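Have a look at the structure below, then the notes.
The values are calculated or read from the model by the stated rules, or taken from the named source; none is laboratory data. Values in this document were obtained by computation on a predicted structure and should not be read as measured data. Virtual Cβ from ideal backbone geometry, glycine too; neighbours counted across all protein chains shown. Each accessible area value is taken on the protein alone, full model and side chains, heavy atoms only, with ligands, DNA and RNA left out. Shrake-Rupley method; radii C 1.70, N 1.55, O 1.52, S 1.80 Å.
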Amino acid sequence: MWNVLWQEGSPLLQWGVVLGASLAAAFTDVGRRRIPNLLTLPLLLTGLVYGAVAAGAAGLADSLAAAVVLALPYVLLHVLAGGGAGDAKLMAGIGAWLGLANGVAALLAVALAGVLMGVLMAGASGGLRLAMARVRQVSARMVLNYYGAGLPQRPPRGRKRLTMPYGLAICAGCWVAGVAVLVWRAHS
């Protein structure tokens, strides 16, 4: 039985760890508005070890590549828009456990969950116009920075900045992706 968990492509262990970690992150993010390093760093390290044990050097490379790919958008959000660093570290750990193929599915589901959650929260608080102004500002920063024209210095004026516990979106997206991948694998 233990051999099944450690062989390459053991989706139950991989998704089980990711779903459990994302659920714990959602609770701490909602309650304390932070995702602790005590959760994210062991998740990343054990994911890299799992990749190496399950598939050798190729598994380690896949885990490392997925950690970078899944973390990169959230590192950019942290730097350009003030998103949480815990979100980026959590996504790195998720990538390390899932590898590139499953990681990309999780990344897309998490991004969609984040957009939906952001629109719902902004609409519920009456701040949809301000939220859209922030999206335009972050987009402009990314484009201007890419072309070397510098970054706009002032945030849009308006009500207090709306924040959300993105760990909740990460959890929701991981659960949707995990169930979809596991159901798809069961039927193929």
Scan region 112-129 for residues that are part of a helix (DSSP H, G or I) and either surrounded by 13 or more Cβ atoms within 10 Å (Cβ to Cβ) or aromatic (Phe, Trp, Tyr) (or both) and report the count.
11
When region 17-58 is examined, which residues are found to be out of contact with any Leu (no Cβ under 9 Å at 6 or more places or on another chain), of a type outside the set (A, V, I, L, M, F, W, C) and in a helix (DSSP H, G or I)?
GLY20, GLY31, ARG32, ASN37, PRO42, THR46, GLY56
Test: ARG159 is in contact with a Ser or Thr (Cβ under 9 Å, 6 or more places away or on another chain), part of a loop (DSSP other than H, G, I, E, B) and either open to solvent by 80 Å² or more (accessible area, probe 1.4 Å) or at pLDDT 95 or above (or both)
yes
Note on region 43-54: residues open to solvent by 30 Å² or more (accessible area, probe 1.4 Å) and either over 10 Å from GLY93 (Cβ atoms) or aliphatic (A, V, I, L, M) (or both) are LEU44, LEU45, LEU48, VAL49, ALA52, VAL53
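Kindly provide the set of residues from region 138-147 that are free of Cβ contacts under 8 Å to residues at least 40 places away in the same chain and part of a helix (DSSP H, G or I), ordered by number.
SER139, ALA140, VAL143, LEU144, TYR146
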State yes or no: is LEU12 modelled with pLDDT under 95 and either in contact with a helix residue (DSSP H, G or I) (Cβ under 8 Å, 6 or more places away or on another chain) or assigned to a helix (DSSP H, G or I) (or both)?
yes
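One line per residue, one yes/no per condition, for (1) within 10 Å of the chain's Cα centre (by Cα); (2) open to solvent by less than 40 Å² (accessible area, probe 1.4 Å); (3) of a type in the set (A, V, I, L, M):
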| site | (1), (2), (3) |
| --- | --- |
| ALA61 | no, no, yes |
| LEU70 | yes, yes, yes |
| PRO73 | yes, no, no |
| LEU80 | no, yes, yes |
| GLY83 | no, yes, no |
| LEU90 | yes, yes, yes |
Are any residues in region 25-41 polar (S, T, N, Q) and over 8 Å from LEU90 (Cα atoms), and if so, which ones?
THR28, ASN37
Evaluation of LEU23 against (1) farther than 22 Å from ARG185 by Cα; (2) in contact (Cβ under 8 Å) with a residue 60 or more places away in the chain; (3) open to solvent by less than 60 Å² (accessible area, probe 1.4 Å) (one fails), failing number:
(3)
